[in-house]
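Pasting in a structure now, in structure tokens, and then I'll have a few things to ask.
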Amino acid sequence: MVPPIATSDRRGRDGTRTRARIEEAALRLFAARGVAGTSVREIAEAVGVSEGALYRHFASKEELARALFLDRYASLAQSIRDMAQRHTDLSSRLRAVIDFGCRLFDEEPALFAYLLISQHDHLAHVPDDCEHNAVAALAELLAGSVDDGFELPQPPAMAAAMALGALVQPAVFALYGRLDGPLSRHAPTITDGVLRLLRAPAPRGAERSKDLDNSIG
């Protein structure tokens, strides 16, 4: 199973449970309808509290959406960093990350969908450090991999983008019924594809272009 996604503890003791319920309800509604298509009243009704009670925890629907994204995104970053501690070689690390991503899609579809559809609204507000940024944590994991002297032919940020693309696109296909689920069933194929992609040498033309750029600079 996917480890539980942690939530930030910015609540008083009496409000902890209510705030967690607000976040869970909002996550489900945002994933299904989008933030714009969800009202504060609908979130409050799903939780069984008044709108006033909800506003005691979040100043606005937009603040709630931002807090949800930043908190869950930071938790993903921590999960990736934990995997980097448990594995050292590139193959094992990528297998762990992709297995985790596929299980997240299968077991927590609302969270996966929310992070996917709302990223453009919130990514600019995510800190760049590896403790809060899942993409930075993945780049760190890839850059620090030890694999029989292998070095990534791509910059770590590009390698992270390529790996995420290879995971997210099959998830989108599964979401719309173009790929039979569960996604976890396809994790080995995705992992093998990413490994081939990252280990592929640059084409000769790309190498000549890079050399030309360096000579011009």
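The values are calculated or read from the model by the stated rules, or taken from the named source; none is laboratory data. Only a predicted model underlies this, so the values are computations on that prediction, with no experimental measurement involved. We place every Cβ from the backbone using ideal geometry, glycine too, and count neighbours over all the protein chains shown. What goes into the accessible areas is simple: the full protein's heavy atoms, side chains included, and nothing from ligands, DNA or RNA. Shrake-Rupley method; radii C 1.70, N 1.55, O 1.52, S 1.80 Å.
Condition first: part of a loop (DSSP other than H, G, I, E, B) and either touching a His at 6+ places or on another chain (Cβ under 9 Å) or open to solvent by 70 Å² or more (accessible area, probe 1.4 Å) (or both). Now tell me which residues in the range 164-179 satisfy that.
Within the range 164-179, Tyr176, Arg178, Leu179 meet the criteria.
Follow-up question, since we're still on this one. Condition first: part of a helix (DSSP H, G or I), at pLDDT 95 or above, surrounded by fewer than 17 Cβ atoms within 10 Å (Cβ to Cβ) and not polar (S, T, N, Q). Can you find one or more residues in the range 133-141 that meet it? Give the derivation first.
Narrowing the range 133-141 to residues part of a helix (DSSP H, G or I): 134-141.
Now drop any that are not at pLDDT 95 or above, which leaves 134-141.
Now restrict to residues that are surrounded by fewer than 17 Cβ atoms within 10 Å (Cβ to Cβ): none.
Checking the range 133-141: not a single residue is part of a helix (DSSP H, G or I), at pLDDT 95 or above, surrounded by fewer than 17 Cβ atoms within 10 Å (Cβ to Cβ) and not polar (S, T, N, Q).
Can you name the condition, by its number, that Ala161 falls short on among (1) more than 17 Å from Arg199 (Cβ to Cβ); (2) open to solvent by 50 Å² or more (accessible area, probe 1.4 Å); (3) under 14 Å from the mean Cα position of the chain (by Cα)?
Failed condition: (1).
With the requirement that a residue be among the acidic types (Asp, Glu) and either assigned to a loop (DSSP other than H, G, I, E, B) or open to solvent by less than 20 Å² (accessible area, probe 1.4 Å) (or both), what does the range 75-122 give you? Break it down stepwise before answering.
Keep residues of the range 75-122 that are among the acidic types (Asp, Glu), which gives 82, 89, 99, 106-108, 121.
Within the range 75-122, Asp89, Glu108 meet the criteria.
Does Ser209 meet the test of being assigned to a helix (DSSP H, G or I), open to solvent by 80 Å² or more (accessible area, probe 1.4 Å) and either farther than 20 Å from Phe112 by Cα or at pLDDT below 80 (or both)? Don't jump to the end; show me each part of the working.
Details: assigned to a helix (DSSP H, G or I): yes; open to solvent by 80 Å² or more (accessible area, probe 1.4 Å): no; either farther than 20 Å from Phe112 by Cα or at pLDDT below 80 (or both): yes.
No; evaluated as a whole, the condition is false for this residue.
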